[in-house]
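Worksheet: the structure to be examined is printed underneath.
Nothing in this text is a laboratory measurement; each read-out follows from the coordinates by a stated rule. All values derive from a computational prediction rather than experimental measurement. Every residue, glycine among them, receives a Cβ derived from its backbone with ideal geometry; neighbour counts consider all protein chains shown.
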Amino acid sequence: MNIILLGPPGAGKGTQASRLEDERGMVQLSTGDMLRAAVKAGTPVGLKAKAVMEAGELVSDEIVSGIIGESLDGLGEKGAIFDGYPRTAAQADSLDTILADRGRTLDHVIELVVDEDALVERITGRFTCANCGEGYHDTFKQPKVAGKCDQCGGTEFKRRPDDNEETVRTRMAEYRAKTAPILPIYEARGLVKRVDGMADIAEVTAAIEAILDGK
Ligand code: AP5
Ligand code: MG
Ligand code: ZN
């Protein structure tokens, strides 16, 4: 099974994808995570992407479709959860080809429906464990023991450079202008399912799992 999680910045795509990985043995393919890794490693892709990401704009379609194709090749039989991809009509087109070339089909496009006003708070309060990447939030999901990661016991945490209010506004504008318009493409194919992304994290997961189980 291959699915797309679609929604604006802070909708919970990454949060839900990692829960589905744990519970379903599917693999999260987050272009944002891959690009951040490339920036950190200083690869040619990372050098191109760094300033664009810090401004909250979109990296070129060629770059992201290239890295998605490569990462699918390493998946074997496992299902993919596309997180943050596709983001433009051109990327949606490329994904069709990328999947067809590998004998895969797209099963669901799950839209996380959220209230934009709440997203700025979600994003500016977000941080992750520097060691294992587990995600936290100042208000919604603090570590059980302050300053210590629940998963690995790490004590260093980091925040994304694009998680400031100004950049978040640009990211949202990019979503409205370029990403939301791809929904009708998938609606026409009967693939879109909507989930209330403002519910509790566990409730959102349950709603997605009901869709995957065909309930
Ligand atoms: P990317 O990394 O994809 O960022 P994004 O789309 O802006 O989304 P986020 O990761 O910010 O949000 P999320 O939906 O994953 O939310 P999360 O689960 O963390 O992209 C970054 C940049 O890379 C782009 O701006 C662009 O430059 C580039 N890029 C990436 N892909 C690209 C592509 N395909 N094409 C071109 N450029 C690309 O949740 C947010 C917070 O809220 C967390 O703290 C979480 O704990 C909390 N939370 C989650 N769910 C809930 C809930 N139900 N209730 C309460 N709190 C919740
Ligand atoms: Mg994310
Ligand atoms: Zn950790």
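Ordering THR15, THR205, THR43, THR105 from the fewest to the most neighbouring beta carbons within 10 Å gives THR105, THR43, THR205, THR15.
Averaging the sequence gap over all C-alpha pairs within less than 8 Å and six or more residues apart, then dividing by the number of residues, gives the range 107-215 a relative contact order of 35 percent.
Within a straight-line Cα-Cα reach of under 20 Å, LYS148 can be paired with the following lysines, leaving aside sequence neighbours fewer than 8 residues apart in one chain: LYS158.
Summary of the geometry: the range 117-141 and the range 1-59, compared by the centres of their Cα atoms, lie 15 Å apart. Considered as an equivalent ellipsoid built on the Cα gyration tensor, the range 1-54 has semi-axes of 25, 13, 9 Å, the largest given first.
Calculated from DSSP H runs of 4 or more alone, at -39500 (n - 2.57) each and per residue, what is the 222 nm mean residue ellipticity of the chain, nearest 500?
Working: 9 runs with 98 residues, N = 215.
For the chain, the value works out to -14000 deg cm²/dmol.
Listed by chain and number, the aspartates and glutamates whose alpha-carbon sits under 17 Å from that of LYS78, ignoring those within fewer than 8 places in the same chain, are GLU21, ASP22, GLU23, GLU70, ASP101, ASP107, GLU209, ASP213. Along the axis of the charge dipole computed for the range 2-213 (Cβ charges of +1 for Lys and Arg, -1 for Asp and Glu, origin at the Cα centre), the listed residues ALA49, VAL195, GLY14 are led at the positive end by ALA49. Net charge of the neighbourhood of LEU119, taken over other residues with C-beta under 13 Å away and scored Lys/Arg +1, Asp/Glu -1, is 0.
Taken about its Cα centre, the range 2-213 carries a charge dipole of about 400 debye when Lys and Arg each add +1 at the Cβ and Asp and Glu each add -1 at the Cβ.
Of all DSSP beta bridges confined to the chain, the antiparallel ones make up roughly 30%. Neighbour counts of other Cβ atoms within 10 Å put ILE98, ILE3 in the fewest-to-most order ILE98, ILE3. Relative contact order of the range 57-154, taken over Cα pairs closer than 8 Å and 6 or more residues apart, is 15 percent. Of the residues THR179, THR128, THR88, THR170, the one with the fewest other Cβ atoms within 10 Å heads the list, and the complete ranking is THR170, THR128, THR88, THR179. Here the contact order of the chain, divided by its residue count and restricted to Cα pairs under 8 Å and six or more residues apart, works out to 29 percent.
Give, to the nearest whole percent, the P(r) tail of the range 40-112 beyond 15 angstrom, counting all Cα pairs. Don't skip to the end; give the middle numbers.
Numbers: 1549 of 2628 pairs.
Counting pairs separated by more than 15 Å, the tail of P(r) holds 59 percent.
Shape of the chain from the C-alpha gyration tensor: rounded (a/c under 1.5, with a ≥ b ≥ c the square roots of its eigenvalues). When the GluC sites (Glu not before Pro) in the range 75-127 are filtered for DSSP coil states and for at most 14 other beta-carbon atoms within 10 Å of their beta-carbon, the remaining sites are GLU77.
Could you please report the charge total around SER60, scoring K, R as +1 and D, E as -1 over all other residues with beta-carbon less than 12 angstrom from its beta-carbon?
Within the 12 Å Cβ shell, the charges total -1.
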